[in-house]
1. Of the conditions (1) assigned to a helix (DSSP H, G or I); (2) more than 16 Å from the ligand (Cβ to nearest atom); (3) under 15 Å from the mean Cα position of the chain (by Cα); (4) of a type in the set (Gly, Ala, Ser), Ala35 satisfies every one except a single condition; which number is it?
2. What about Leu65, is it free of Cβ contacts under 8 Å to residues at least 12 places away in the same chain and among the aliphatic types (A, V, I, L, M)?
3. When you go through (1) within 16 Å of the ligand (Cβ to nearest atom); (2) closer than 16 Å to Val126 by Cβ one by one for Leu59, which number turns out not to apply?
4. What's the number of the condition Pro79 fails, among (1) surrounded by 19 or more Cβ atoms within 10 Å (Cβ to Cβ); (2) assigned to a helix (DSSP H, G or I); (3) more than 16 Å from the ligand (Cβ to nearest atom)?
5. Looking at region 134-143 only, could you name the residues that are surrounded by 16 or more Cβ atoms within 10 Å (Cβ to Cβ) and of a type outside the set (S, T, N, Q)?
6. Restricting attention to region 115-138, does a residue exist that is under 23 Å from Ala13 (Cα atoms), free of Cβ contacts under 8 Å to residues at least 60 places away in the same chain and among the basic types (Lys, Arg)?
7. May I ask you to verify whether Arg71 is crowded, with 18+ Cβ neighbours inside 10 Å, in a helix (DSSP H, G or I) and either in contact with an Asp or Glu (Cβ under 6 Å, 6 or more places away or on another chain) or of a type outside the set (S, T, N, Q) (or both)?
8. If you scan region 82-113, which residues turn out to be assigned to a helix (DSSP H, G or I) and aliphatic (A, V, I, L, M)?
Amino acid sequence: MTFTPRNPLPASAAEAVSQALQGVLVTLIDLSLVAKQAHWNVFGPQFLSVHEKLDEVVLNARDGLDVVAERMVQLGSPPDGRAATVAATSPLKAYPERFESVSSTLGAVSERLLQAAGAIRAAIAVAGEHDPLTEDQLIALAQPIEEQLWMFEAMAAAE
Ligand SMILES: [Fe+2]
């Protein structure tokens, strides 16, 4: 049996948008994993506020990746959120494996939020050419990530 969801978008547009969404999907899965890794391994002064803020990044990314994957299905493409696919295609730099100080955590997470925001903006540009509904969903996703980027940058900034 095959499943072919119908959608008003022309097939070529749906394919282009789905490819862009697949890139956002692996980015958000990886961001959710990075933020959990950071949440567990951060230590030092202001530990608690950073530890808690990182879980907001996890929850936001998890909410967003589900929207993205389900939009792909609506456009007729099976989302690929498998670990091997994420590892091979995520644009985010690998996260350190050890305990990290608050300051290095803030820097490392900021860098990856910036990479994620850039990846989503690239997908917004593709969606904008073909599909305002997906474009709107991606814009909504990008906003809290850029807000979190600002907050991590502000927490990391030297006085
Ligand atoms: Fe926790």
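Quick note: the coordinates plus some simple rules give every number you see, no bench work behind them. Owing to the predicted nature of the structure, the values given are computational and were not obtained by experimental measurement. No Cβ is skipped: glycine too gets one built from the backbone with ideal geometry, and neighbour counts run over all protein chains shown.
1. If we test Ala35 against (1) assigned to a helix (DSSP H, G or I); (2) more than 16 Å from the ligand (Cβ to nearest atom); (3) under 15 Å from the mean Cα position of the chain (by Cα); (4) of a type in the set (Gly, Ala, Ser), just (2) comes out false.
2. No, not satisfied.
3. (2)
4. Going through the list (1) surrounded by 19 or more Cβ atoms within 10 Å (Cβ to Cβ); (2) assigned to a helix (DSSP H, G or I); (3) more than 16 Å from the ligand (Cβ to nearest atom), Pro79 breaks only (2).
5. Selection gives Glu135, Leu138, Leu141, Ala142.
6. Yes, region 115-138 contains at least one residue that is under 23 Å from Ala13 (Cα atoms), free of Cβ contacts under 8 Å to residues at least 60 places away in the same chain and among the basic types (Lys, Arg).
7. Yes; evaluated as a whole, the condition is true for this residue.
8. Selection gives Ala83, Ala84, Val86, Ala87, Ala88, Val102, Leu106, Ala108, Val109, Leu113.
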